[in-house]
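Heads up: the structure comes next, in structure tokens.
The values are calculated or read from the model by the stated rules, or taken from the named source; none is laboratory data. The structure displayed is predicted, hence computed values, not measured ones. Counting neighbours? That spans all protein chains shown, and the Cβs are built from the backbone with ideal geometry, glycine included. Side chains included, ligands, DNA and RNA excluded: accessible areas come from the protein's heavy atoms. Shrake-Rupley method; radii C 1.70, N 1.55, O 1.52, S 1.80 Å.
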Amino acid sequence: MTLVYPVQSLAAHPPRLSPAYKSTVKRSPSKPLIPMRHTLSELTGPVYGHETVRANDHDLTVHGKGEPIGERIIVHGHVLDEDGRGVPNTLVELWQANACGRYVHVVDQHPAPLDPNFTGAGRAQTDAQGYYRFITIKPGAYPWGNHHNAWRPAHIHFSVFGHSFVSRLVTQMYFPGDPLFPFDPIFNSVTDEKARNRMISSFDLENTKPDWALCYRFNIVLRGRNATPMENS
């Protein structure tokens with residue numbers, strides 16, 4: 001399936017220029033975009049990284065010498081097309097801050113502790129029904145300097161990439177009921193309320209594991225009227 005966005009998809013995605021999100025002022029295009037026709041190799045091109053997904057890459061809690069700090073959670077769902085059909089063999093990658101709101105990255109200078117047992121990165125491949133599943137730690141909020149007293153709501157970054165995808169698609173998943181939603185310019189750069197709510201996961205009691213981990217469901221819809229907002233669309 002070639003990801004060419006129909007008109008009904010476009011309202012779901014944030015504009016390239018969102019002045020309240022200050023860095024977009026500098027990086028948004030200042031001149032009209034030049035469309036480039038896709039060649040056959042781009043439309044049917046190779047998938048990168050699927051063959052290197054290992055058995056435990058979906059479990060972010062088992063790669064250290066001990067248990068990571070924080071609340072263990074399960075995040076699962078389906079990658080779907082515009083008709084609600086599961087998209088198989090899609091590479092799903094995630095990255096996130098740790099429970100204290102800090103990334104394992106040299107640029108992140110937030111004065112919160114790093115967790116030696118948590119890298120904040122994982123990957124999985126969807127099955128024949130488009131289903132994926134991760135085990136991770138619930139990320140913390142963190143300050144980001146965009147405006148006075150600016151804090152990002154707890155979130156997880158998702159990347160999806162598959163057969164006939166022209167480019168990797170990136171979105172963010174949020175948690176229900178976060179009090180920081182009204183104050184976050186990134187979340188609110190998606191101006192359509194229904195589309196914005198599609199970035200919020202739903203609590204999934206049925207798949208919560210007793211005495212072990214809460215569960216959240218997050219379906220990623222690639223295009224159409226129910227498309228998940230994407231950062232690079």
Open item on the list: For a quick check, take a GNM of the chain with Cα springs below 10 Å and name the residue from SER159, SER23, SER167 with the largest mean-square fluctuation.
Closed with: SER23
Open item on the list: With the alpha-carbon atoms as the only input, what is the per residue convex hull volume for region 71-170 in Å³?
Closed with: 132
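How big is the C-alpha Rg of the chain next to the rule-of-thumb value 2.2 N^0.38 Å, as a ratio? Before the final figure, lay out each step's value.
Values: Rg = 17.9 Å, N = 233, 2.2 N^0.38 = 17.5 Å.
Scaled against compact globular proteins, the figure is 1.02.
Can you check how the C-alpha radius of gyration of region 96-137 compares to 2.2 N^0.38 Å, as a plain ratio? Don't jump to the answer; show the numbers that get you there.
On the way: Rg = 13.5 Å, N = 42, 2.2 N^0.38 = 9.1 Å.
For region 96-137, the normalised Cα radius of gyration comes out at 1.48.
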- [ ] Would you grab the residues whose amide H sits under 5 Å from the one on ASP204? Only those 5+ places off in sequence or on another chain, please, with H modelled 1.01 Å from N.
- [x] CYS215, TYR216, ARG217
- [ ] Might you tell me the accessible area per residue for the chain, computed with a 1.4 Å probe and given in Å²?
- [x] 55
TODO: Would you kindly calculate the mean projected area, averaged across all directions, of the convex hull enclosing the Cα atoms of region 116-190, in square nanometres?
DONE: 7.3
TODO: Could you look at region 7-222 and say what percent of its accessible area is carbon and sulfur, using a 1.4 Å probe and all protein chains?
DONE: 58
Task: Computed P(r) (all Cα pairs; region 57-103; 5 Å bins; percent) - done: 5, 14, 21, 23, 12, 12, 9, 4, 1
Task: Cα principal axis extents for region 163-233, largest first, Å - done: 42, 36, 19
Open item on the list: At a 10 angstrom cut-off on C-beta neighbours, averaged per residue, how do the peptides 100-107, 138-145, 75-82 rank from highest to lowest?
Closed with: 75-82, 138-145, 100-107
TODO: Pick out which of ASN197, ASN219, ASN149 has the largest mean-square fluctuation in a Gaussian network model of the chain, springs linking Cα atoms closer than 10 Å.
DONE: ASN149
